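The values are calculated or read from the model by the stated rules, or taken from the named source; none is laboratory data. Because the structure is predicted, anything quoted here is derived from the model rather than measured. So basically every Cβ, Gly included, is an ideal-geometry build from the backbone, and we count neighbours across all protein chains shown. Side chains are part of the model used for accessible areas, which takes the heavy atoms of the whole protein and leaves out ligands, DNA and RNA. Shrake-Rupley method; radii C 1.70, N 1.55, O 1.52, S 1.80 Å.
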Amino acid sequence: MKNQMLFLCTFLSVGLGACKDKYDYPIPRNSFEETTTPPPAKVTVVKVNNQWQMQVNGKEFYIKGVASNNYHDLAIKYGANTARTYGVAANTREILDKAHAAGVYVNFGLYIGRETDGFDYNNTTAVSQQLEKMKQDILRFKDHPALLCWSIGNEAEASYTNTKLWNAIEDIAKFIHENDPNHPTTTTLASSNVEHIKNIMNLAPSIDILSVNTYAPNLPGVLGNVTTAGWQKPYMITEFGPRGTWQMAPEPTRVLTWGGLVEQTSTEKADIYLQAYQDNIIANKANGCIGSFVFLWGYQTHGEVLTWFGMFDQKGYTFPAVDAMQFAWTGSYPANRAPVIQNRNQMLMDGKKAEDNIMVAKASAHTASVVATDPENDPLTYAWRIVKEKAARADGSLADGITGLINTNTTANITFTAPNETGAYRLIVFVSDNANKKVASAVIPFYVN
């Protein structure tokens, strides 16, 4: 210890001035001030009048959640009360701290290996190492005041064959119950598959809440599957939104001849979010649904089409889906709402719609137009970009677009030149109310021969 003091004195003598002797060193201000850490929330799931409730510190807590990769702490501004994370990362503590400061709870993701990604649940060493890592994360964060519940795995059963997965989930859930009396457990399924639900019941009985990721048009079937499986505990919808890129076969006109996918306008998406919540989430509160998480709160950094689900743009402006969810959560729309692009007929390329399988020649000349309005008649600005299919920035988000093709990209009607390279592209327009940081979007895929 004396050697350490002598080193500190020597270091400070050089950096801050002279020490009188080896025990004379400055103590930083407030070094010994104690800070009070708020206690963890006591979270339970109980039946009240034969209806499941989540309770936080003895009071009912209906989850109005966001499945988020960004802006977790902003959720409360729009009426949400919980953010969902997917795994432990370098910024996990920061996310928790910001959420707590904002009054947002966190459905804490514990990411576990998936067979479809190469994890082998027959490998006892790998499974044991995974459990030890989970134990460390649980003990590290279990007393954080923002923690609401533990979510063990995200779609870990997708395309799986080995039922030892459920034993591994049970071991983690059991450890949580033994070491954290304050927070319930859940695991998130890729669908409401009846056999998978039964496997949880039989092989992972320490799971307190069933979680299901589901998208239009599958959401209406969740309650029936949960009932058929015989699930006797509460459930929540941990991702919901418009039809996913992976389930487009039932809408063949939206699958183009080269495989491109036709995207809905931001206004069309908002309508789906609101209807899904009203008809199949809050409507099932009496049937065991204790809440939900809208997907995706933030902007996409992976996926087949990088503008498909994000509820914010890369500047942090909000799309109409945020307005819709604010209405769903609070019963009132914001005073100022996002611009409107009513449907896909409102954006045209050479007079054609997105579904028209638009194919053009290299370096050919074209026109495009969009019809957008603003509910409050605020001034609108237009920003167009042409992006090669699946092109992304270094962080995985939507690429900035190819320069030199669009003649003037700040108006509702533009002229542009097609890329000089064969392949699939997307013409995207963002229509912004800059004063209120609101945005709308529409997209036309096209192919260059």
### Those residues of the range 400-413 which are crowded, with 16+ Cβ neighbours inside 10 Å and either in a loop (DSSP other than H, G, I, E, B) or touching a Pro at 6+ places or on another chain (Cβ under 8 Å) (or both), in sequence order
Gly401, Ile402, Leu405, Asn409
### Task
Would you confirm whether any residue within the range 97-111 is open to solvent by 50 Å² or more (accessible area, probe 1.4 Å), among the charged types (D, E, K, R) and in contact (Cβ under 8 Å) with a residue 12 or more places away in the chain?
yes
### Query
Among the residues of the range 132-168, which ones are more than 22 Å from Glu178 (Cβ to Cβ) and among the β-branched types (Val, Ile, Thr)?
Thr161, Thr163
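For Ala361, indicate whether it is under 26 Å from Ala338 (Cα atoms), of a type outside the set (Asp, Glu) and in contact (Cβ under 8 Å) with a residue 24 or more places away in the chain. Even if it seems obvious, please write down each step before you answer.
Details: under 26 Å from Ala338 (Cα atoms): no; of a type outside the set (Asp, Glu): yes; in contact (Cβ under 8 Å) with a residue 24 or more places away in the chain: yes.
It is false that Ala361 is under 26 Å from Ala338 (Cα atoms), of a type outside the set (Asp, Glu) and in contact (Cβ under 8 Å) with a residue 24 or more places away in the chain.
Would you check which residues across the range 297-307 are under 16 Å from Asn213 (Cα atoms) and open to solvent by less than 10 Å² (accessible area, probe 1.4 Å) and list them? First the steps, then the outcome.
Start the filter on the range 297-307 by keeping residues that are under 16 Å from Asn213 (Cα atoms), which leaves 297, 303.
Within the range 297-307, Trp297 is the sole residue that qualifies.
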### Qualifying positions in the range 376-397 - open to solvent by 50 Å² or more (accessible area, probe 1.4 Å), among the aliphatic types (A, V, I, L, M) and either assigned to a strand (DSSP E or B) or touching a strand residue (DSSP E or B) at 6+ places or on another chain (Cβ under 8 Å) (or both)
Ala392
### Query
Out of (1) under 23 Å from Gly230 (Cα atoms); (2) without any contact (Cβ under 8 Å) to a residue 24 or more places away in the chain, the odd one out for Gln275 is which?
(1)
#### Entry: Checking Tyr317 against (1) over 30 Å from Asn81 (Cβ atoms); (2) surrounded by 13 or more Cβ atoms within 10 Å (Cβ to Cβ), the condition it does not meet
(1)
#### Entry: Matching residues in the range 128-160 - criterion: being aliphatic (A, V, I, L, M), open to solvent by 10 Å² or more (accessible area, probe 1.4 Å) and within 21 Å of the chain's Cα centre (by Cα)
Ala158
#### Entry: Only one of Thr410, Thr422 that is in contact with a strand residue (DSSP E or B) (Cβ under 8 Å, 6 or more places away or on another chain), closer than 26 Å to Gly303 by Cβ and among the hydroxyl-bearing types (Ser, Thr, Tyr)
Thr422
### Query
Among (1) more than 21 Å from Asn154 (Cα to Cα); (2) open to solvent by 10 Å² or more (accessible area, probe 1.4 Å), where does Ala80 come up short?
(2)
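Residue-wise test of (1) β-branched (Val, Ile, Thr); (2) surrounded by fewer than 19 Cβ atoms within 10 Å (Cβ to Cβ); (3) in contact (Cβ under 8 Å) with a residue 24 or more places away in the chain.
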residue: Tyr62; (1), (2), (3): no, yes, yes
residue: Asp73; (1), (2), (3): no, no, yes
residue: Asn91; (1), (2), (3): no, yes, no
residue: Glu115; (1), (2), (3): no, yes, yes
residue: Gly118; (1), (2), (3): no, yes, no
residue: Ala126; (1), (2), (3): no, yes, no
### Message
Pairs needed: first member in the range 369-386, without any contact (Cβ under 8 Å) to a residue 40 or more places away in the chain; second member anywhere, open to solvent by less than 40 Å² (accessible area, probe 1.4 Å) and not acidic (Asp, Glu); C-beta distance under 6 Å; at least 6 residues apart or different chains.
### Response
Thr373/Val340
### Summary
If we keep only residues of the range 335-375 that are basic (Lys, Arg) and over 30 Å from Tyr78 (Cα atoms), then the residue surrounded by the most Cβ atoms within 10 Å (Cβ to Cβ) is Lys353
### Test set (1) of a type in the set (Gly, Ala, Ser); (2) out of contact with any strand residue (DSSP E or B) (no Cβ under 6 Å at 6 or more places or on another chain); (3) part of a strand (DSSP E or B) - Ser128 fails condition number
(3)
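If the requirement is being in a helix (DSSP H, G or I) and either within 11 Å of Ser266 (Cβ to Cβ) or out of contact with any Lys or Arg (no Cβ under 9 Å at 6 or more places or on another chain) (or both), which of these qualifies: Ala328, Ala335, Ala321? Spell out how you get there, then give the answer.
Numbers: Ala328 fails: either within 11 Å of Ser266 (Cβ to Cβ) or out of contact with any Lys or Arg (no Cβ under 9 Å at 6 or more places or on another chain) (or both); Ala335 fails: in a helix (DSSP H, G or I).
So the residue among Ala328, Ala335, Ala321 that is in a helix (DSSP H, G or I) and either within 11 Å of Ser266 (Cβ to Cβ) or out of contact with any Lys or Arg (no Cβ under 9 Å at 6 or more places or on another chain) (or both) is Ala321.
Does Ile76 count as within 23 Å of Arg337 (Cβ to Cβ) and outside any loop (DSSP other than H, G, I, E, B)? First the steps, then the outcome.
On the way: within 23 Å of Arg337 (Cβ to Cβ): yes; outside any loop (DSSP other than H, G, I, E, B): yes.
Yes; evaluated as a whole, the condition is true for this residue.
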